[in-house]
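Trainee: Would you mind keeping the following structure in view while I ask a few things?
What follows is calculated from the coordinates using simple rules that are stated; it is not laboratory data. Note that this is a predicted model, so its numbers are computed, not measured. Methodologically, a virtual Cβ is constructed for each residue, glycine included, from the backbone with ideal geometry; neighbour enumeration extends over all protein chains shown.
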Amino acid sequence: MRPNIVAVGGFTSDSGKTTLMCELLRALPGWEAIKMTRGHYRSCGKDPRACCVSHLLGEEPSVRSGRAETYSPGKDTGRFWDAGASNVHWAIVTDRQVEAGFRAALARVESCGVLVEGNSFLRFVEADFTVMVARADGLKIKPSARRALPKADALYLSDEGIDESSLRRFEEWKRESGLAELLAALPVYTRESLPQLVARVISIEGTQDRASAACEASVPSVA
């Protein structure tokens with residue numbers, strides 16, 4: 001039986017999805033985390049000294065697991081460990097390796113549930129719950145998020161202290177972007193209503209039973 005899969009996608013790279021991942025990990029003891037990273041052989045336009053993973057790309061997807069391979073203070077995977085993940089898997093892939101990389105990482109999951117950060121893998125799997133993270137003042141969405149949005153079950157606005165003007169601009173942007181109808185069908189959560197979002201994730205069909213039967217009974221031992 002495969003674990004419960006909760007996907008955390010983001011409208012943009014700085015939407016706040018890693019922070020939400022950490023909040024959910026704190027509420028789901030025993031769960032594991034998967035970080036999906038797509039590399040572009042230095043064609044992504046980002047500063048290679050800061051974030052490029054092109055040197056890690058190869059003919060096959062690369063998956064790193066366990067604290068020794070994935071813990072780095074301040075990095076996303078390190079934050080997952082600090083938030084209480086029982087194991088962290090980092091899949092580094094090219095566009096053509098997304099499905100294989102995700103499935104390779106998923107095969108290593110031993111817990112009852114796993115949180116997955118990323119958008120593109122949703123083309124190849126039906127998650128049990130998908131939340132898309134956006135900023136009310138961001139007013140943009142990348143192509144992978146637009147493709148993943150039809151699979152979303154909820155929208156989380158990560159801004160701190162969202163005011164009325166930000167919400168009005170977000171509503172205007174939804175109409176202008178052609179996403180108003182799609183987004184209107186999604187429940188919207190904010191930092192203030194985060195406990196309700198956490199409760200919804202916990203209430204996913206089968207999560208509670210499997211949590212007591214698997215997560216509490218057996219937490220993976222990792223190096």
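Trainee: For segment 138-186, state which chymotrypsin sites (Phe, Trp or Tyr not before Pro) are in a DSSP loop and have at most 14 other beta carbons lying within 10 Å of their beta carbon.
Mentor: Counting only loop positions with at most 14 other Cβ atoms within 10 Å, none of the chymotrypsin sites (Phe, Trp or Tyr not before Pro) in segment 138-186 qualifies.
Trainee: Could I ask something else about it? Grab every C-alpha pair in segment 4-208, bin the distances at 5 angstrom width from 0 up to the longest one, and report whole percents.
Mentor: 1, 7, 15, 20, 21, 16, 11, 6, 2, 0
Trainee: Under 5 Å between amide hydrogens, which residues at least 5 positions from G138 or on another chain qualify, with H placed 1.01 Å from N in the peptide plane?
Mentor: none
Trainee: Please list 175-181, 69-75, 144-150, 21-27 highest first by mean number of surrounding beta-carbon atoms within 10 Å per residue.
Mentor: So the order, starting with the most tightly packed, is 21-27, 144-150, 69-75, 175-181.
Trainee: Rounded to the nearest Å, what's the spacing between the alpha carbon centres of segment 84-100 and segment 1-28? Just the number, please.
Mentor: 13 Å
Trainee: Let me ask you something else. Name the residues whose placed amide hydrogens come within less than 5 Å of the amide hydrogen of V116, ignoring near sequence neighbours (fewer than 5 apart) on the same chain.
Mentor: Correct list: V6, A7, V8, I34.
Trainee: Roughly speaking, what is the stretch gain from S193 to S13, that is 0.36 nm per residue apart minus the C-alpha to C-alpha distance, in nm to one decimal?
Mentor: Taking 0.36 nm per residue and subtracting the Cα distance, the gain is 62.5 nm.
Trainee: Once you put a point 7 Å from the Cα of A100 and another 7 Å from the Cα of K142, both along the Cβ direction, what distance in nm separates them?
Mentor: Those two pseudo-labels are separated by 2.2 nm.
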